[in-house]
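Trainee: This structure is in structure tokens; I'll ask about it shortly.
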Amino acid sequence: MSFGGIPISVPLLHIVPKATTDLSLATYDWVIFTSKNAVRCFFSSYTLPTHARIAVVGEKTKLAIEEMGYRASFMPSAYVGEVFAMEFSQVVKNSQRVLFPKGDRARDVISSTLRSQGIFVQDIIVYKTEINRHMRPALIQAVSEGVDAVLFTSPSTVQGFVTLLEGTEWKNWTKTCTIGCIGPVTKQEALPYFKAVVMPNTYTIDALLQCIVEKEEKGVGEV
């Protein structure tokens, strides 16, 4: 689907895979994935045993799993950690062991919620998220020359945006921009920096783009 806009892509983050560790994968009943990066970094080093079931946070992660030749057995009704934890806790048994490969900046809400209900969860950091500092000139040029909308797809992208623009007049440059966030956690991270943020009801890139288009068509207010 095309909306007629001109995209300017500035990679604010850099994914660095972590060194592998010895895992007794046969001892785990479930493996949780909450990002495509976690899928990519995990399966570059490991192969799951056939008995292990996979839980994913949303459609994009589900597709990443399928591209690796696996099938997801669980996906929540809403693509956010709190809903995932609540619904997954009704599926997994207390006697089962859960492995959670994730990035170093991932929130702890899923693991802590499941552990509070007596479920064994082993976190493993499979990648680090670092700010792409060499992209600062490109970001300054793009924002200072004028953009109509700025889209954030994770809390880390908000942090990267603000960090890379430190010492500039970015608040003035973005004063009239539409700020879009993919979900509530990203929105919470962005609100201290921006007066108004739009967010779709479904937490996907496609829904976010549609949300931005509707906002621009209305011209005022929040979608």
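Trainee: Return the only residue of 162, 198, 213 being among the β-branched types (Val, Ile, Thr) and within 19 Å of residue 80 (Cα to Cα).
Mentor: Details: 162 fails: within 19 Å of residue 80 (Cα to Cα); 213 fails: within 19 Å of residue 80 (Cα to Cα).
That would be 198, the only listed residue that is among the β-branched types (Val, Ile, Thr) and within 19 Å of residue 80 (Cα to Cα).
Trainee: Condition (residue is over 21 Å from residue 62 (Cα atoms), small (Gly, Ala, Ser) and not in a loop (DSSP other than H, G, I, E, B)) applied to the stretch 118-135: is it met by at least one residue?
Mentor: No, the stretch 118-135 has no match at all.
Trainee: Kindly indicate whether residue 222 is at pLDDT below 95, in a helix (DSSP H, G or I) and open to solvent by 70 Å² or more (accessible area, probe 1.4 Å). Spell out the reasoning first.
Mentor: Numbers: at pLDDT below 95: yes; in a helix (DSSP H, G or I): no; open to solvent by 70 Å² or more (accessible area, probe 1.4 Å): yes.
For residue 222, the condition - at pLDDT below 95, in a helix (DSSP H, G or I) and open to solvent by 70 Å² or more (accessible area, probe 1.4 Å) - is not met.
Trainee: Separate question: Do any helices (runs of 4 or more DSSP H) entirely within the stretch 1-104 hold 2 or more residues that are in contact (Cβ under 8 Å) with a residue 60 or more places away in the chain and buried (at least 19 other Cβ atoms within 10 Å of the Cβ), and if so, which?
Mentor: Numbers: elements: 36-43, 59-67, 81-88.
Counting at least 2 such residues, we get 36-43.
Trainee: Run residue 157 past the list (1) surrounded by fewer than 18 Cβ atoms within 10 Å (Cβ to Cβ); (2) within 18 Å of residue 11 (Cβ to Cβ); (3) of a type outside the set (Phe, Trp, Tyr) and report the number of the one that doesn't hold.
Mentor: Evaluating residue 157 over (1) surrounded by fewer than 18 Cβ atoms within 10 Å (Cβ to Cβ); (2) within 18 Å of residue 11 (Cβ to Cβ); (3) of a type outside the set (Phe, Trp, Tyr) leaves (1) as the failure.
Trainee: Still on this structure, please answer the following. What is the residue count in the stretch 163-193 for residues that are within 19 Å of residue 146 (Cβ to Cβ) and either assigned to a helix (DSSP H, G or I) or modelled with pLDDT under 95 (or both)? Spell out the reasoning first.
Mentor: Restricting attention to the stretch 163-193, the residues satisfying the condition of being within 19 Å of residue 146 (Cβ to Cβ) are 164-165, 168-180, 193.
When the remaining residues are screened for being either assigned to a helix (DSSP H, G or I) or modelled with pLDDT under 95 (or both), the result is 164, 170-173, 175-178.
Adding up the residues that qualify gives 9.
Trainee: Same structure again: When you go through 193, 203 one by one, which is the residue that is within 27 Å of residue 110 (Cβ to Cβ), among the hydroxyl-bearing types (Ser, Thr, Tyr), open to solvent by 40 Å² or more (accessible area, probe 1.4 Å) and in contact with a Lys or Arg (Cβ under 9 Å, 6 or more places away or on another chain)? Show your work before the answer.
Mentor: Details: 203 fails: in contact with a Lys or Arg (Cβ under 9 Å, 6 or more places away or on another chain).
Criteria check complete, one pass: 193.
The values are calculated or read from the model by the stated rules, or taken from the named source; none is laboratory data. Given the structure is predicted, the values throughout are model-derived calculations rather than measurements. Glycine gets a Cβ as well: all are built from the backbone with ideal geometry, and neighbour counts include every protein chain shown. Quick note on the areas: whole protein, heavy atoms, side chains included, nothing else; ligands and nucleic acids left out. Shrake-Rupley method; radii C 1.70, N 1.55, O 1.52, S 1.80 Å.
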